[in-house]
Amino acid sequence: MYDEIRAFDAMIARLREEFPSLIDLSTGRVLRLLEAMGRPQDKLPPVIHVAGTNGKGSTTAYLRAIAEAAGLKVHVLTSPHLVRFAERIRIAGELIGEQRLRELIDTSIAENDGGEISFNEIMSAMTLKAFAQTPADLCVIEVGLGGRFDCTNVFDAPAVCIITPVDYDHLEMLGPELTKIAWEKAGIIKQGRPVIVARQIEEAFEVIEREAEGLSAPMLAMGRDIDAWEENGRMLIQTPDRLLDLPLPGLYGPHQVGNAALAVMALLTWGDPRIDEAALAKGVAGAVWPARFQRLTAGPLGAAAVARGADLWLDGAHNPHGGRALAETVDRLARDGRPVTLVVAQYARKDSVGFFEPLQRLGARVIATTFESTTALSPEDLAAAAVTAGLTAETAPDVTTATTMALAVDGPAPHVIICGGLHFAGEVLALSPDTWPT
């Protein structure tokens, strides 16, 4: 597995060296390359396009799990990856292989013919090319950044669009106002094509609704046209014409009910007859998506927690909305009265105080650490942000030391949650191949 990582890393390093990493908030360059490739975006199976601030990855996981439970072949593009670049590209259910990626890189560089293009743009284009070359029943595309000018926003008539909860993040490129962020996300809505919308802050909802109305796009909004909730250990979804009674989502946390419901409604709106209630139930319950409140029991950190009698969780939450969802999840977990410890690392550009504020009510112990990145926040500055938000905080030089500190306490075994971002989560998973996404 480590050889595979090295091979992929070498290929991706070649691309990053050749093409600029700066994001160009337009679609002109990627559309030019797609034209040179023969417009593969027009040769795909039905596309479900997913935008939003939080929940995109989980919603994508439910879409894939449900469709595969119905026997469908599914292409999936997601970002970022956690451990291996191959995680981003799933072709008809299988992660892309080393040889296929190498061939795509070589042919895509030739087709680009020296034109100015970014790493993300050429990767998106070559992924769509790979999808067009392989038969499948459905294509699920997760937006990388924003939506309106994201390099995935190249579909004239997607089968369905989904907008997950919109909140403050990536302000340096999308903000600073929430209405501006919502306008960016709503840019994936297309003329006459259906859109499923999560519960939103009112000012964000108004922007999305206005965009849908202007494009005559039929919109189903959670809390207005449809709803979902947990009741008696089940998930109930009220659609416009029936009440679905399904198992609870396979991913942990109360917010996952909303993510799963978005996927269910999008697939029902698409209308493939193979998506029956049995497939909905199996897919909702069986969805897997690493680093979304994932229980770790393997690897050096997971094994240490098991030996201590503690439970260790890994979550990618990194912004204020993610902090609120994490607080609700941990609050439910900690009803047994056992102490909670948060092991946290973040990028310097994140709103760390806003992330910590909803977690203050948990009375959790915070151990601030860092990860391998030139733009990671120092443990000392991250601890200061936690203190500003009303928490007590300590520092540790790395995640292994921080987790050891979290477990080395007298009294009841703690609930330990490693969180703060997906790059950090990937570093944690990389410690043991047993935890890698497949």
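The values are calculated or read from the model by the stated rules, or taken from the named source; none is laboratory data. Note that the structure is a prediction, hence the values are computed from the model and not measured. Cβ placement follows ideal geometry from the backbone for every residue including glycine, while neighbour counts extend to all protein chains displayed. Calculation scope for accessible area: heavy atoms of the full protein, side chains included, ligands and nucleic acids excluded. Shrake-Rupley method; radii C 1.70, N 1.55, O 1.52, S 1.80 Å.
Let's see how each residue does on (1) polar (S, T, N, Q); (2) out of contact with any Cys (no Cβ under 8 Å at 6 or more places or on another chain); (3) in contact (Cβ under 8 Å) with a residue 24 or more places away in the chain; (4) surrounded by 14 or more Cβ atoms within 10 Å (Cβ to Cβ):
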| position | (1), (2), (3), (4) |
| --- | --- |
| Ala186 | no, yes, yes, yes |
| Gly192 | no, yes, yes, no |
| Ala198 | no, yes, yes, yes |
| Ala212 | no, yes, yes, yes |
| Ser216 | yes, yes, yes, no |
| Met219 | no, yes, yes, yes |
| Arg224 | no, yes, no, no |
| Trp229 | no, yes, yes, no |
| Asn232 | yes, yes, no, no |
- prompt: Of the numbered conditions (1) on the phi < 0 side of the Ramachandran plot; (2) among the small types (Gly, Ala, Ser); (3) in contact (Cβ under 8 Å) with a residue 60 or more places away in the chain, Ala110 satisfies every one except a single condition; which is it?
  reply: (3)
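It is to be established whether one or more residues within region 234-243 are under 22 Å from Val74 (Cα atoms), over 22 Å from the mean Cα position of the chain (by Cα) and of a type in the set (Asp, Glu).
no
What is the residue count in region 248-259 for residues that are of a type in the set (A, V, I, L, M, F, W, C) and farther than 14 Å from Glu231 by Cβ?
Going residue by residue through region 248-259, those that are of a type in the set (A, V, I, L, M, F, W, C) are 248, 251, 257.
If we keep only those that are farther than 14 Å from Glu231 by Cβ too, we end up with 251.
Residues in region 248-259 being of a type in the set (A, V, I, L, M, F, W, C) and farther than 14 Å from Glu231 by Cβ: 1 in total.
Among the residues in region 242-255, are any of a type in the set (A, V, I, L, M, F, W, C), surrounded by fewer than 18 Cβ atoms within 10 Å (Cβ to Cβ) and either over 28 Å from Leu296 (Cβ atoms) or in contact (Cβ under 8 Å) with a residue 60 or more places away in the chain (or both)?
As a first pass, look at region 242-255 and keep what is of a type in the set (A, V, I, L, M, F, W, C): 243-244, 246, 248, 251.
Next cut, surrounded by fewer than 18 Cβ atoms within 10 Å (Cβ to Cβ) only: 243, 248.
Then drop every residue that is not either over 28 Å from Leu296 (Cβ atoms) or in contact (Cβ under 8 Å) with a residue 60 or more places away in the chain (or both), which leaves 243.
Among the residues of region 242-255, at least one is of a type in the set (A, V, I, L, M, F, W, C), surrounded by fewer than 18 Cβ atoms within 10 Å (Cβ to Cβ) and either over 28 Å from Leu296 (Cβ atoms) or in contact (Cβ under 8 Å) with a residue 60 or more places away in the chain (or both), which makes the answer yes.
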statement: If we keep only residues of region 100-121 that are hydroxyl-bearing (Ser, Thr, Tyr) and more than 25 Å from the chain's Cα centre (by Cα), then the residue nearest to Glu17 (Cα to Cα) is Ser108
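Give me a count of the residues in region 113-126 that are outside any helix (DSSP H, G or I) and within 19 Å of Ala13 (Cβ to Cβ). Break it down into steps so the answer makes sense when it comes.
Residues of region 113-126 outside any helix (DSSP H, G or I): 113-118.
Still in the running and within 19 Å of Ala13 (Cβ to Cβ): 117-118.
Going through region 113-126 one residue at a time, the tally reaches 2.
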statement: Per the filter on region 275-312, residues under 21 Å from Ala325 (Cβ atoms) and either more than 18 Å from the chain's Cα centre (by Cα) or open to solvent by 30 Å² or more (accessible area, probe 1.4 Å) (or both) are Ala285, Val288, Trp289, Arg292, Gln294, Arg295, Leu296, Asp311, Leu312
- prompt: Does Phe371 fit the bill of being surrounded by fewer than 24 Cβ atoms within 10 Å (Cβ to Cβ) and among the aromatic types (Phe, Trp, Tyr)?
  reply: yes
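If you scan region 289-306, which residues turn out to be over 18 Å from Leu333 (Cα atoms) and outside any helix (DSSP H, G or I)?
Going residue by residue through region 289-306, those that are over 18 Å from Leu333 (Cα atoms) are 289-290, 298-301, 303-304.
Of everything in region 289-306, those that are over 18 Å from Leu333 (Cα atoms) and outside any helix (DSSP H, G or I) turn out to be Trp289, Pro290, Ala298.
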query: Just for region 400-438: of the residues that are open to solvent by 20 Å² or more (accessible area, probe 1.4 Å), under 11 Å from Thr369 (Cβ atoms) and in contact with an Asp or Glu (Cβ under 9 Å, 6 or more places away or on another chain), which one is modelled with the lowest pLDDT?
result: Glu427
- prompt: Can Leu15 be described as of a type in the set (A, V, I, L, M) and at pLDDT 95 or above?
  reply: no
- request: Could you grab me the full set of residues in region 16-75 that are free of Cβ contacts under 8 Å to residues at least 40 places away in the same chain and within 28 Å of Val166 (Cα to Cα)?
  value: Gly28
